[in-house]
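To start, the structure under review is shown below, and the notes come after it.
The values are calculated or read from the model by the stated rules, or taken from the named source; none is laboratory data. Quick caveat, the model's predicted, so the values are computed rather than measured. Neighbour counts are summed over all protein chains in view; Cβ atoms, including those assigned to glycine, are modelled from backbone coordinates with ideal geometry. Quick note on the areas: whole protein, heavy atoms, side chains included, nothing else; ligands and nucleic acids left out. Shrake-Rupley method; radii C 1.70, N 1.55, O 1.52, S 1.80 Å.
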Amino acid sequence: IGVISMYRGQVAELERAIVSASLRDHPNIQIELGTVDAFQGREKDAVIVSLVETDANRRRFFYDVRRVNVAISRPRSLLVVVGELDLLGRRPTVPNDSRIANPLHHLHGLLRNGIIDGSVTAEVFHAE
């Protein structure tokens, strides 16, 4: 399983959380964490992509079509997207620059269409 984040700091936090979680009952599961740049050119059976952002000023990485492409094209079988795709993908163009297309808008549309036709599922959890 690959876990991809846009930022090194978030990867470090995810590593700490996973290390503290017990995987002793599942010794065959191997988890690799890294930034989207670290996963360039590599694949995993399943990939979890974190589109979670806490600093609105850093969202530029989410709107880089190359990074989005790398992040969502790494899984062989299963892609799980975690984050505010409804918020990040709402607009067809990048906030503050209407000349640049928002790649997450297209991804949001693909996922919504997949949910409608039944090929994609959506689970919504709200953090408190």
Practice prompt. Might you let me know whether the stretch 115-122 holds any residue that is touching a helix residue (DSSP H, G or I) at 6+ places or on another chain (Cβ under 7 Å), at pLDDT 85 or above, within 21 Å of Ile4 (Cβ to Cβ) and not in a strand (DSSP E or B)?
Written response: no
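Residues that are modelled with pLDDT under 85 and open to solvent by less than 80 Å² (accessible area, probe 1.4 Å): does the stretch 29-42 have at least one?
yes
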Worksheet item: With (1) out of contact with any Asp or Glu (no Cβ under 8 Å at 6 or more places or on another chain); (2) open to solvent by 50 Å² or more (accessible area, probe 1.4 Å) as the list, and Ala71 as the residue in question, which single condition is left unmet?
Response: (2)
Worksheet item: Which ones in the stretch 14-28 are closer than 11 Å to Val3 by Cα and modelled with pLDDT of 85 or more?
Response: Leu14, Glu15
Worksheet item: So which pairs qualify, if the first residue must be in the stretch 25-48 and more than 25 Å from Asp64 (Cβ to Cβ), the second must be among the charged types (D, E, K, R) and open to solvent by 60 Å² or more (accessible area, probe 1.4 Å), the Cβ gap must be under 6 Å, and the two must be at least 6 apart or on different chains?
Response: Asp45/Arg76
Response to the item:
The one condition Phe62 fails out of (1) at pLDDT 80 or above; (2) open to solvent by less than 70 Å² (accessible area, probe 1.4 Å); (3) more than 22 Å from Ser119 (Cβ to Cβ) is (1)
Worksheet item: List pairs: first in the stretch 104-118 and within 19 Å of Arg91 (Cα to Cα), second of a type in the set (Phe, Trp, Tyr) and in a helix (DSSP H, G or I), Cβ under 9 Å, 6+ apart or cross-chain?
Response: Leu104/Phe62; Leu104/Tyr63
Worksheet item: When the residues of the stretch 74-88 are filtered to those that are more than 11 Å from Ser50 (Cβ to Cβ) and modelled with pLDDT of 85 or more, which remaining residue is most open to solvent (accessible area, probe 1.4 Å)?
Response: Arg76
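Report, by residue number, each residue of the stretch 43-59 that is among the hydrophobic types (A, V, I, L, M, F, W, C), open to solvent by 30 Å² or more (accessible area, probe 1.4 Å) and either touching a Cys at 6+ places or on another chain (Cβ under 7 Å) or modelled with pLDDT of 85 or more (or both). Steps first, please.
Here is the first cut: in the stretch 43-59, the residues among the hydrophobic types (A, V, I, L, M, F, W, C) are 46-49, 51-52, 56.
Those left that are additionally open to solvent by 30 Å² or more (accessible area, probe 1.4 Å): 48, 52, 56.
Once the filter is applied, which keeps residues that are among the hydrophobic types (A, V, I, L, M, F, W, C), open to solvent by 30 Å² or more (accessible area, probe 1.4 Å) and either touching a Cys at 6+ places or on another chain (Cβ under 7 Å) or modelled with pLDDT of 85 or more (or both), the stretch 43-59 yields only Ile48.
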